[in-house]
Amino acid sequence: MRGVLRDLAHRPVRRLTQLLAGVVLYAVSIALVVHAGQGSMPWDVLTQGLAHRTGLSFGTITLLTSVVVLLCWWPLRQRPGIGTVANVLVIGLLVDPVLALLDLLPDPLPLAAAIGMAVTGIALNGVATGLYVGARLGPGPRDGLMTGLVARTGRSVRLVRTTIEVAVVSVGWLLGGTVGWATLAYALGVGPLAQVFLRLFTVPVDDPASEPSVEPVAA
């Protein structure tokens, strides 16, 4: 409780509003890219594969995967925050309803519409990342796993993130997840996009060394 109060001591209304907007938009971005069928974001390839094998919904697998990843924080000595919990719950619970709304669109989508939807989803994901990371209320489970491994192994962010994403894409593809040009476009583009929006949305603090950063990687 003390840590939660400390997290909210500075500009709480802006930070909570920004956090909520970020995780909601993140869920929408996932649904857009998945529904476009042009290849999913790396972790969503794994989610699709697990959903295909288990029969559980995409959102349920997203939620369960987030919880499992969060449990991996314990040996890495990572501390979750309000933003971590919001990331797990809001994205996990919201992505299925958004996918259901997108299912009302014509099937199959015209190719131009599918490409536009995928590009929109990737760009929106960059905005969402800038919003929720910039709120400084705790990283998402997958971001925390990456930073924890970086701290424990001494390896670069680029190497650790690329290794994780190659692994989850490979496993997800073998399980039946969708890999395509949008998967690569996301891997190459989300880092630069997130950096731009982090500069716009990061809440200022007294310690400049604590500035969040997202490094572009190619999976």
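Would the range 75-83 turn up any residue that is open to solvent by less than 10 Å² (accessible area, probe 1.4 Å) and of a type in the set (Val, Ile, Thr)?
no
If we scan the range 169-180, do we find a residue that is over 25 Å from Val68 (Cα atoms), open to solvent by less than 30 Å² (accessible area, probe 1.4 Å) and modelled with pLDDT under 90?
Our first condition is that a residue be over 25 Å from Val68 (Cα atoms); within the range 169-180, this holds for 180.
If we keep only those that are open to solvent by less than 30 Å² (accessible area, probe 1.4 Å) as well, we get 180.
With the extra rule that they be modelled with pLDDT under 90, the set shrinks to none.
Checking the range 169-180: not a single residue is over 25 Å from Val68 (Cα atoms), open to solvent by less than 30 Å² (accessible area, probe 1.4 Å) and modelled with pLDDT under 90.
What is the number of the single condition among (1) more than 16 Å from Val133 (Cβ to Cβ); (2) buried (at least 17 other Cβ atoms within 10 Å of the Cβ); (3) within 15 Å of the chain's Cα centre (by Cα); (4) at pLDDT 95 or above that Leu70 does not meet?
Among (1) more than 16 Å from Val133 (Cβ to Cβ); (2) buried (at least 17 other Cβ atoms within 10 Å of the Cβ); (3) within 15 Å of the chain's Cα centre (by Cα); (4) at pLDDT 95 or above, the lone unmet condition for Leu70 is (4).
Residues that are in contact (Cβ under 8 Å) with a residue 24 or more places away in the chain and basic (Lys, Arg): which helices (runs of 4 or more DSSP H) entirely in the range 4-98 hold 2 or more of them?
Per the criteria, 12-36.
For the range 150-162, indicate whether the set of residues that are among the small types (Gly, Ala, Ser), open to solvent by less than 30 Å² (accessible area, probe 1.4 Å) and either at pLDDT 90 or above or not in a helix (DSSP H, G or I) (or both) is non-empty. Lay out the reasoning, then the answer.
Here is the first cut: in the range 150-162, the ones among the small types (Gly, Ala, Ser) are 151, 154, 156.
Those still in the list that are open to solvent by less than 30 Å² (accessible area, probe 1.4 Å) too: none.
No, the conditions are met nowhere in the range 150-162.
State yes or no: is Val196 within 21 Å of Ala114 (Cα to Cα) and open to solvent by 40 Å² or more (accessible area, probe 1.4 Å)?
On the way: within 21 Å of Ala114 (Cα to Cα): no; open to solvent by 40 Å² or more (accessible area, probe 1.4 Å): yes.
When the stated conditions are applied, Val196 does not pass them.
List the pairs whose first member sits in the range 153-169 and is within 11 Å of Ala187 (Cβ to Cβ), whose second member is aliphatic (A, V, I, L, M) and assigned to a helix (DSSP H, G or I), and whose Cβ atoms are under 6 Å apart, counting only residues at least 6 apart or on separate chains?
Hits for this filter: Arg161/Met146; Val169/Val45.
Exactly one of (1) in a loop (DSSP other than H, G, I, E, B); (2) without any contact (Cβ under 8 Å) to a residue 60 or more places away in the chain is unmet by Leu109. Its number?
(2)
The values are calculated or read from the model by the stated rules, or taken from the named source; none is laboratory data. Since we're looking at a predicted model, the values are computed, not measured. All Cβ positions, even for glycine, are placed from backbone atoms using ideal geometry, and neighbour counts span all protein chains on display. For accessibility, only protein heavy atoms count, side chains too; no ligands or nucleic acids. Shrake-Rupley method; radii C 1.70, N 1.55, O 1.52, S 1.80 Å.
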